[in-house]
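Everything on this sheet refers to the single structure shown next.
The values are calculated or read from the model by the stated rules, or taken from the named source; none is laboratory data. Only a predicted model underlies this, so the values are computations on that prediction, with no experimental measurement involved. Methodologically, a virtual Cβ is constructed for each residue, glycine included, from the backbone with ideal geometry; neighbour enumeration extends over all protein chains shown.
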């Protein structure tokens, strides 16, 4: 390699702060010596003056002095830079050391909290849970593992036969506290995470206002639980026991209740649009005032249930058992009741324009203003012919009514419902049961059988 090339490759080592400092010091020494030489020697002054192309000795000294001043300023700036860089390096080293220390401390806190969760004392376990929550608040990347650990702890704690026998009617203080912390008080910390509470025993749990959207509650026992105003949007409630549970004003949009037990559950004014209630057991359930547009109740047991004032546009009740159900003043435009058993139902002022009643059984059904409960109403309709003087099977719509009803369903099905309803605009009310409905009477024995089965 050429010597100049070697020298060029070595040049970068000179342009470090230390190398530059050495160059400036050497230049300053040279200028000082030159200044002194010019000052004391006329011969040196003549040489320098000719080199600098100046006319007098004083001009030469001034030029050299300016050069020394510039070098001194550069040296001062360089020293300031080196001090600042040294401070920055020290600060970075300290931050890194602190991070290592904090990471170690967090890991130690995490280990300690998990150890406490496994303690035999309930109060110590609860203390461990609070330690984990503190970690989740302090450190974003620990929120998901902390959430999963605490959900797993709830599943494990409630899975034993001993726990379930001891806490038959309500959760332990430990489990209830965890439910409140995770899903009510601190839900914002874990809002983007999906809880796994499969097969948990949460009978009688207090979950008012809980945020359980997309939560997996498959197989869980929530009998008599309070879920008032809770959010269960998109939740999995497959085969979940919700008998006698309170779900008033609960948000249930697109929740999955496949095979769930909703016997005598309360869903006053719940919002369950497009929810799947297929194959549910829900005799005596109360859905008064709920929004349940496009909900699916296929193959479900809904005997003696209450759907009064409920929005059920485009809902599906195919093959459902609806004996003694109350649909008074419900909105059921475009609803599918194919092969449903609707003996003894109350359809007082119910709107059913465009509904499908193919092979639907409506023996003894009436549409009268009545305060009778399901069992009394079913017994009261024994031996009576089907009669719907106050029902609306067709007609009785204006254009503005159509738009109001259409806006209650999903955008993808608005066109479908609008097409169905437009044929009823401006026509007189039709109260006769449409084609496909099987009418007639039922006996007391049949009524008692429906009541008995719904209470079993």
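Can you go through 418, 408 and tell me which one is modelled with pLDDT of 90 or more and assigned to a helix (DSSP H, G or I)? First the steps, then the outcome.
Values: 408 fails: assigned to a helix (DSSP H, G or I).
On inspection, the qualifying residue turns out to be 418.
Going through 402, 378, 382, 406 one at a time, which residue ends up being more than 28 Å from residue 275 (Cβ to Cβ) and touching a helix residue (DSSP H, G or I) at 6+ places or on another chain (Cβ under 6 Å)?
Working: 402 fails: more than 28 Å from residue 275 (Cβ to Cβ); 378 fails: more than 28 Å from residue 275 (Cβ to Cβ); 406 fails: more than 28 Å from residue 275 (Cβ to Cβ).
Testing whether each residue is more than 28 Å from residue 275 (Cβ to Cβ) and touching a helix residue (DSSP H, G or I) at 6+ places or on another chain (Cβ under 6 Å) leaves just 382.
The rows are residues; the columns are (1) closer than 15 Å to residue 432 by Cα; (2) in a loop (DSSP other than H, G, I, E, B).
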| site | (1), (2) |
| --- | --- |
| 338 | no, yes |
| 343 | no, yes |
| 349 | yes, yes |
| 364 | yes, yes |
| 371 | no, yes |
| 375 | no, no |
| 382 | no, yes |
| 385 | yes, yes |
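So which of 128, 188 is within 23 Å of residue 233 (Cβ to Cβ) and either touching a helix residue (DSSP H, G or I) at 6+ places or on another chain (Cβ under 6 Å) or modelled with pLDDT under 90 (or both)?
Details: 128 fails: within 23 Å of residue 233 (Cβ to Cβ).
Just one listed residue meets the conditions, 188.
Conditions first: (1) under 22 Å from residue 225 (Cβ atoms); (2) surrounded by 14 or more Cβ atoms within 10 Å (Cβ to Cβ). Residue 113 passes all but one, so which condition is the exception?
(1)
Counting only residues that are closer than 19 Å to residue 326 by Cβ and in contact (Cβ under 8 Å) with a residue 40 or more places away in the chain, which one in the range 250-290 is surrounded by the fewest Cβ atoms within 10 Å (Cβ to Cβ)?
Filtering first and then ranking leaves 284.
Among the candidates 242, 232, 236, 247, which residue alone is in contact with a strand residue (DSSP E or B) (Cβ under 7 Å, 6 or more places away or on another chain), surrounded by 21 or more Cβ atoms within 10 Å (Cβ to Cβ) and farther than 23 Å from residue 311 by Cβ?
Numbers: 242 fails: farther than 23 Å from residue 311 by Cβ; 232 fails: farther than 23 Å from residue 311 by Cβ; 247 fails: farther than 23 Å from residue 311 by Cβ.
Every option except 236 fails the conditions.
Please work out which one of (1) in a helix (DSSP H, G or I); (2) at pLDDT below 95; (3) within 15 Å of the chain's Cα centre (by Cα) is the condition residue 174 fails and give its number.
All conditions pass for residue 174, except number (3).
Just checking, does the range 306-324 include any residue being over 29 Å from residue 430 (Cβ atoms) and either in a strand (DSSP E or B) or modelled with pLDDT under 95 (or both)?
Restricting attention to the range 306-324, the residues satisfying the condition of being over 29 Å from residue 430 (Cβ atoms) are none.
Within the range 306-324 (the criterion being over 29 Å from residue 430 (Cβ atoms) and either in a strand (DSSP E or B) or modelled with pLDDT under 95 (or both)), the answer is no, since none of the residues qualifies.
Mind checking which residues of the range 397-422 are in contact (Cβ under 8 Å) with a residue 60 or more places away in the chain and surrounded by fewer than 16 Cβ atoms within 10 Å (Cβ to Cβ)? Please lay out each step first, then the result.
Restricting attention to the range 397-422, the residues satisfying the condition of being in contact (Cβ under 8 Å) with a residue 60 or more places away in the chain are 405, 408-410, 413, 416-417, 420-421.
Across the range 397-422, the qualifying residues are 410, 416.
Here are some residues: 351, 394. Which one is surrounded by fewer than 24 Cβ atoms within 10 Å (Cβ to Cβ), assigned by TED's automatic domain parsing to the domain that holds residue 409 and touching a strand residue (DSSP E or B) at 6+ places or on another chain (Cβ under 6 Å)?
On the way: 351 fails: surrounded by fewer than 24 Cβ atoms within 10 Å (Cβ to Cβ).
The match here is 394.
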